[in-house]
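Colleague: Here you go, one structure.
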Amino acid sequence: MEHTDQQKEMKGYLRIFFSLLILTIFSVLIHYLRLNFFLSVALILLAVLVQVFLSAGYFMHLVSEKKIIFIILILSFMLFLFLFLLILSGYFCNPEGASHVH
Amino acid sequence: MDTIPYTVEVREDTGLFNAKLGIWLFLASEVMLFGALFSSYILLRIGSSSWPAGSSILSVPLGTLNTLILISSSVSMIFAWYSLKLNRVDKYKLYLGITILLTLIFLGIKGYEYSMKFHHHLYPSHNTFLAIYFTLTGIHALHILGGLIVNSYLWGPGSRMWQTEPQRFTNRVEVAGMYWHFVDLVWLFLFPVLYLF
């Protein structure tokens, strides 16, 4: 029984591995197909997000991790997002008469 | 001499052994570091009047090959840890050895890419794209180098701990693996952002 469980777990990791490989090849194919820029960015980003979910979820065991880990990660991500949006807002909140120099 | 607590047993309040909590806190700080670098990339790109396509400067086949190598090293790393869980230290050595070898190949290809850029006089000072490319991939390569040093230690002299404290050693390998998967994950973002967009 235990041996079967081990084989199942190893096969699970191999399935994740092949999924990651296929998604990488998918991203490269999208690039070579020369689709509309925004469409290809959206498709590649979607593939990357699935890869991140698989890698973090199963290789880093996030799917079965304790609550405290999620609190740490969500807090750091929120802080990152807040700082990013704060800087990004600079592009849309120019003082009157000011412009960007290229 | 007092020993460090909770290296094997789980703390009641966190539900984790200390090294695992520690590595996640460290990885959270890494999220902030790479988050800041990706933010810089986005802000530079949207603020720029023109931006070259990454594939016109960088080699997509080499970038793809490096991505496949890093993904393979991630799976060999998890197999190394899993082998320890099964008390198969011989398999552990084999899989971690493969991880180290793949890491060296990754760094070799990255070094080749860098040397080709320098050969064509493409330095960070050439344009904003190359400046952010060298910054992002350079910092990532330093992380890879750090992982290589830790994994080599755990493969070589560090593996002696298996004889005296097998569970603690398994936990060490798990924590090193988490770091390795994170570095792999960062590359999964870097590759399309720099080479494909």
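The values are calculated or read from the model by the stated rules, or taken from the named source; none is laboratory data. In this text, all values refer to a predicted model and were calculated from it rather than measured experimentally. Note: ideal-geometry Cβ built from the backbone for every residue, glycine included; neighbour counts use all protein chains shown.
Colleague: When A:ILE71 is evaluated against the numbered criteria (1) under 19 Å from B:VAL75 (Cβ atoms); (2) exposed (fewer than 14 other Cβ atoms within 10 Å of the Cβ), which criterion, by number, is the only one it fails?
Modeller: Evaluating A:ILE71 over (1) under 19 Å from B:VAL75 (Cβ atoms); (2) exposed (fewer than 14 other Cβ atoms within 10 Å of the Cβ) leaves (1) as the failure.
Colleague: Another one. Does B:THR67 satisfy being at pLDDT 95 or above, within 16 Å of the chain's Cα centre (by Cα), within 14 Å of chain A (Cβ to nearest Cβ) and within 29 Å of B:VAL193 (Cα to Cα)?
Modeller: Details: at pLDDT 95 or above: yes; within 16 Å of the chain's Cα centre (by Cα): yes; within 14 Å of chain A (Cβ to nearest Cβ): yes; within 29 Å of B:VAL193 (Cα to Cα): yes.
Against the criterion (at pLDDT 95 or above, within 16 Å of the chain's Cα centre (by Cα), within 14 Å of chain A (Cβ to nearest Cβ) and within 29 Å of B:VAL193 (Cα to Cα)), B:THR67 qualifies.
Colleague: Here's another thing I want to ask about it. Please count how many residues of segment A:25-60 are facing chain B (nearest Cβ under 8 Å), closer than 29 Å to A:LYS8 by Cα and not hydrophobic (A, V, I, L, M, F, W, C).
Modeller: The qualifying residues number 3.
Colleague: Is it the case, given these coordinates, that A:HIS3 is on the phi > 0 side of the Ramachandran plot and either more than 7 Å from chain B (Cβ to nearest Cβ) or among the aliphatic types (A, V, I, L, M) (or both)?
Modeller: Numbers: on the phi > 0 side of the Ramachandran plot: no; either more than 7 Å from chain B (Cβ to nearest Cβ) or among the aliphatic types (A, V, I, L, M) (or both): yes.
Here the answer is no, as A:HIS3 does not meet what is asked.
Colleague: Follow-up. How about segment B:80-94: which of its residues are within 14 Å of B:ASN151 (Cα to Cα) and crowded, with 21+ Cβ neighbours inside 10 Å? Explain how you work it out, then say what you get.
Modeller: Narrowing segment B:80-94 to residues within 14 Å of B:ASN151 (Cα to Cα): B:80-81, B:92-94.
If the condition is that a residue be within 14 Å of B:ASN151 (Cα to Cα) and crowded, with 21+ Cβ neighbours inside 10 Å, then B:ALA80, B:TRP81, B:TYR92 are the ones that fit.
Colleague: Sticking with this one: Those residues that are out of contact with any helix residue (DSSP H, G or I) (no Cβ under 9 Å at 6 or more places or on another chain) and of a type in the set (A, V, I, L, M), I need them from segment A:23-55; list them, please.
Modeller: Matches in segment A:23-55: A:LEU29, A:ALA42, A:LEU46, A:LEU49.
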